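Have a look at the structure below before the remarks.
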Amino acid sequence: MSAPRSAALRALALARARIFEVSPPSAVPGGERTGAKVLRPRLVGPSMLRYYPANLNLSSLSSVVPGLLAPGEKLLDPREAQRLEDVERRKGLGKGPPKKGQGRRAQMKGKKK
């Protein structure tokens, strides 16, 4: 049995490149992979950004539309107002966030063995 000729091997490599959609061996010196199959499709990011609407709230709206409010006037989002009320209520119950430097890490630091 004889070894396959180089012409037959070249034809086989070209057929493989056509079937599996890879670049032919003559196009890439050394035969390294190029990643062309991954880079060929369109990018998904721009179409996703077009699909989802921009997230607008009252604070960003006043920055987008200048002159919407009189100087010194401030719009307060109802959700933000509710959040601030909840924080104040929790602080009154003693369940708010600790003051800076008095959290769990600081308490553990004082309990050394």
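Each value in this text was obtained by applying a stated rule to the coordinates, not by laboratory testing. Computed from a predicted structure; not experimentally measured. With ideal geometry, Cβ positions are generated from the backbone for all residues, glycine too; neighbour counts draw on all protein chains shown.
Normalised by residue number, the volume inside the convex hull of the Cα atoms of segment 58-110 is 124 Å³ per residue. In a simple Cβ point-charge model (Lys, Arg +1; Asp, Glu -1; nothing else charged), the chain has a dipole of about 1040 debye relative to its Cα centre. With both labels modelled 7 Å from their Cα along Cα-to-Cβ, the ARG89 to ARG40 distance reads 5.9 nm. When a/c is below 1.5 the answer is rounded, else prolate if a/b is larger than b/c, else oblate, so apply that to the chain with a ≥ b ≥ c taken from the square roots of the Cα gyration tensor eigenvalues. Oblate, because a/c is 1.5 or more while a/b does not exceed b/c.
By the helix-only formula, in which each DSSP H run with n ≥ 4 contributes -39500 (n - 2.57) and the sum is divided by residues, the chain has a 222 nm mean residue ellipticity of -13500 deg cm²/dmol.
Using C-alpha pairs below 8 Å separated by at least 6 residues, the relative contact order for the chain is 10 percent.
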